[in-house]
Amino acid sequence: MDASGRHGIDRRLAAAGLVAAAALSGAVSLRRIIAVDFWWQIATGRLVAEHGWPTVDVFSYTAAGRPWIELRWLYCWLVYRGWDALGAEALSAMKWPLVTGALGLVTLASIGRRSAPFAGGALVLALAACSRRFFLRPELVSYVLLAGFAAILVHHRRRGGRLVWLLPVLQILWVNLQPLFVLGPIVVATMLADAAAGAAWSAPDSQAGERRRALTLALVLAACVAACLVNPYGADGAYQPFLLLDEMRGSVFKSVISELWTPFAFLETAAVRWFLALIAAAALSAAINLRRLDRFWTLLAVSQLWLAVTAVRNVPLFAIVAIPFILSNVERTFLWNRRSGRALVVSGRVTSLAAIGLAAWFSVSLVSGRYYAQRNDPNRFGLGIAERSRPDRAVDFLERADVGGNVLGTLPENSYLVWRGHRVYADPRLEVYGEELFQNYLDVQRDPAAFRAAVERYDIRTGLVGLEATAVARLFRREGWPLVYLDEVAAVFVRPDSAGGLDPIASDAELRAAVGAIRDALPAPADASWSIPPNSYLYVADFLLMMDAPELAEPFVEDAARMRPDLPDLPLRRATLRELRSDWDGVVASATEGLRYTPDDPRLLQKLGLAYYQLGRVHDAVGPLERSIDALPNNAVAWVALGDAYLTDGRVADATRVFERAVAVEPERAELYRRLARGRVQAGDIPGAVEALVTALRLEPEDPGIPRDLAILYERMGDIATARRYAEHARHLAPHDPAIRDLVERLGGGG
């Protein structure tokens, strides 16, 4: 075959790779809307349409009147108008051109004849790395603008012209769309650094041109920086990106919001493995072009890689600039001028074919739903709002019930409540609440004392809980709030004194009826196929396990197992089912099976340790409990079991420390103070043991065992009068207990 024929094959393969990447872009982008942020953002758009951009919080009852700087106001307004005029389906469809446009701009800015066969591979890698990040969120606009800034600057470097002066105009648009607008000046400054280096190090005949380019870019940079102030909030608005950087560095937000975690916390996910593959491809491309690296693309790639490593939500920023970085290195490498150039040609063809095959496989997997179902991912291919992604029927019930007061909801449910016109405790606008208030919100959902204080302060009368938030639901239940509504998405609890005419789901028959309705709403596993993820069944099972209804939960666990027999979460649910039945050997078997998949899962480790403890295998319990306790510190039963195990091993000081932690976890359980007293007695701290038992008696004044133990301790300290008083109190509570009668007689009490 002659050279023209070979080039024709290469061009067709390269074109096919690009088409495959564009198709994959559609498969990745066209997903039903499930994003938590979507609801509060269209509520903000409605607010902007009716009243103008916000300046103070109006969505919460905790931060009402607090300053609210909302740089996404224009995005929210546009999305709300799109929702109102075209519907959710059109909004879903918008993601494809936005994603394709961002990737297409940087590809066109860097692709050449030599690198064209590699373009499809770079694009497919980038899309795979971002496969879980293309939500309908304002970041999508930032991706396009980041790519647009880079493409315009590269065009200016090649050809000059006035197009570069479009950047300050785009900067004004960007600053009113999304807080990542700070990337605009950063990209311009990066190209300015490239021009300054060219002016200093280039050949004398090109230095004058580089100096002129540097001067132009300096003026454009100044204009872009000034453009950052063109927002409704002025300098305060321009400062917002630095608040977001604090969120990523380390804060209470980062501790609970998973998208702020490093990607390396998700190494088990396919998307993160593709991200690592993209980094490897970028590093390999740099290695073959080390002495001729493009300064602009290199600086940009390094800066965005740092952001991506800091927080997983920034992975698309690196993916966008990694494409031109790879292509520019392939285009410029000196290997084309050596014998290895032939190997590069072959590599390009292989890359194109691999891109076509991978894109086809990945697209089919995404469109069919298989990709999401296998990963228990709630995303689904399609347009519009995802089923079972919003608590619409639960909110309908709340509005019909109309018990007054405020609602305490979990974070995803709060976002939807805002859209429905309800004020909430907190929603995903983290920068509005600040760390202190958000930490308080977290405390209210897990600490009974904080919960009761919030109920009193804010007149909270109802609770709206997503089924996956079982810890929050357990708190409502423990505080005596009856369950009054349940479906496959959310549950509603009501304050006891506000229940009024509402019928609680209290009896076994009532709970079975509610579960029967859920069963009718969820398709049978055989019918669900790949259309819904197994977690739709697992969330229901988790809630029913929290309700101590293992016989109702088990069919949902088995439904999930029929869909995904190898689902890593199944052993945990089966261990919980067996735990509720006191089948401790079964718990050991299930937990051991699960630990083969996830050997460091603290939930499985804790269940394994507790099962060993219940079986009397105290020495075996120590290791799993120690490994799990720091990750799951709020289970007082685990602390008690570990403390008992330490006492058995003679580690009295460790046992006392552990019992003190158990008391801190659940300070209102008398039994924990009795355990603490036991540990202090063995440590020789009799006064400390007395202090713990006095607290226990205050919490359980009708328990005769506590004053009996106090009498024994005071007897040991030689305070017979006090010992006699407690012994008499114990006899009053249990007049027929022979041991207490003997104690009274020994102390010289009355008959």
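Only the coordinates and a few stated rules stand behind these numbers; no lab work does. Worth saying up front: this structure is predicted, and the values here are computed from it rather than measured. Heads up, the Cβs are rebuilt from the backbone with ideal geometry, glycines too, and the neighbour counts pull from every protein chain shown.
By the scheme Lys and Arg +1, Asp and Glu -1, what is the net charge of all other residues having a beta-carbon under 15 Å from that of E50? Show your work: numbers first, answer last.
Numbers: positive: R46, R81; negative: E70, D84.
Neighbour charge sum, excluding E50 itself: 0.
A straight line joining the Cα centroids of segment 605-625 and segment 299-315 runs 42 Å.
Given 4 °C and 1.567 mPa s, how large is the Stokes-Einstein diffusion coefficient of segment 121-185 in µm²/s, with Rh as the Kirkwood radius over Cα pairs? Reported coefficient: 99 µm²/s.
Charges only on Cβ, +1 for Lys and Arg, -1 for Asp and Glu: so what's the dipole of segment 88-374 about the Cα centre, in debye to the nearest 20?
Details: 26 positive and 12 negative charges, 228 e Å.
So the magnitude is around 1100 debye.
Over the chain, dividing the summed -39,500 (n - 2.57) contributions of all DSSP H runs of at least 4 residues by the number of residues returns a 222 nm mean residue ellipticity of -22000 deg cm²/dmol.
Judged by the ratio a/c of the largest to the smallest principal axis of the C-alpha gyration tensor, segment 502-598 counts as oblate, that ratio being 1.5 or greater while a/b is no larger than b/c. Is the C-alpha gyration tensor of segment 237-370 telling us rounded, prolate or oblate? Criteria: a/c under 1.5 is rounded; beyond that, a/b larger than b/c is prolate, otherwise oblate. The shape class here is oblate.
Mean projected area of the Cα convex hull of segment 253-307, taken over all directions, amounts to 4.5 nm².
Note down the magnitude of the dipole of segment 392-563 about its Cα centre, charges +1 on Lys and Arg C-beta and -1 on Asp and Glu C-beta and zero elsewhere, to the nearest 20 debye. Don't skip to the answer; put the middle values down first.
Numbers: 16 positive and 29 negative charges, 61 e Å.
So the dipole magnitude of segment 392-563 works out to roughly 300 debye.
Among M191, M546, M717, what is the fewest-to-most ranking by other Cβ atoms within 10 Å? Walk me through the numbers before you get to the answer.
Values: M191 26, M546 19, M717 12.
Placing the least packed residue first, the sequence is M717, M546, M191.
For GluC sites (Glu not before Pro), the sites in segment 259-338 that DSSP calls loop and that have at most 13 other Cβ atoms within 10 Å are E268. Between I111, V515, W39, the Cα set farthest toward the positive side of the dipole of the chain (charges on each charged residue's Cβ, about the Cα centre) is that of I111.
Compute, for the chain, the length of the dipole vector about the Cα centre, with Cβ point charges of +1 (Lys, Arg) and -1 (Asp, Glu) only. Units Debye, rounded to 20.
Numbers: 81 positive and 80 negative charges, 855 e Å.
Result for the chain is approximately 4100 debye, rounded to the nearest 20.
Fewest-first ordering of H51, H729 by other beta carbons within 10 Å of each residue's beta carbon gives H51, H729. Expressed per residue, the C-alpha convex hull volume of segment 653-693 stands at 47 Å³. Across segment 513-672, the volume of the C-alpha convex hull divided among the residues equals 118 Å³ per residue. Among T310, N231, L153, pick out the residue whose Cα is farthest towards the positive end of the charge dipole of segment 88-374, where Lys and Arg carry +1 and Asp and Glu carry -1 on C-beta, about the Cα centre. Selected residue: L153.
Once you list every other residue whose beta carbon is under 14 Å from the beta carbon of A449, what net charge do they have if Lys and Arg are +1 and Asp and Glu are -1? Combined, the nearby Lys, Arg, Asp and Glu give -1. Site pair R339 and R400 shows an inter-label distance of 8.1 nm when each label is modelled 7 Å from Cα along Cα→Cβ. Shape summary: segment 420-570 maps onto an equivalent ellipsoid whose semi-axes, from the alpha-carbon gyration tensor, are 30, 20, 13 Å in decreasing order.
Counted over all Cα-Cα pairs of segment 38-110, pairs farther apart than 20 Å make up 44 percent. Loop-located trypsin sites (Lys or Arg not before Pro) in segment 111-176 (DSSP state other than H, G, I, E, B) with a sparse environment of at most 11 neighbouring Cβ atoms within 10 Å: R113, R162. For segment 1-82, the Kirkwood hydrodynamic radius comes to 16.6 Å, computed from all pairs of different C-alpha atoms.
Considering Cα pairs under 8 angstrom that are at least six residues apart, work out the relative contact order of segment 571-722 and quote it in whole percent. The partial results should precede the final answer.
On the way: 203 pairs, mean separation 18.9, N = 152.
Computed over segment 571-722, the figure is 12 percent.
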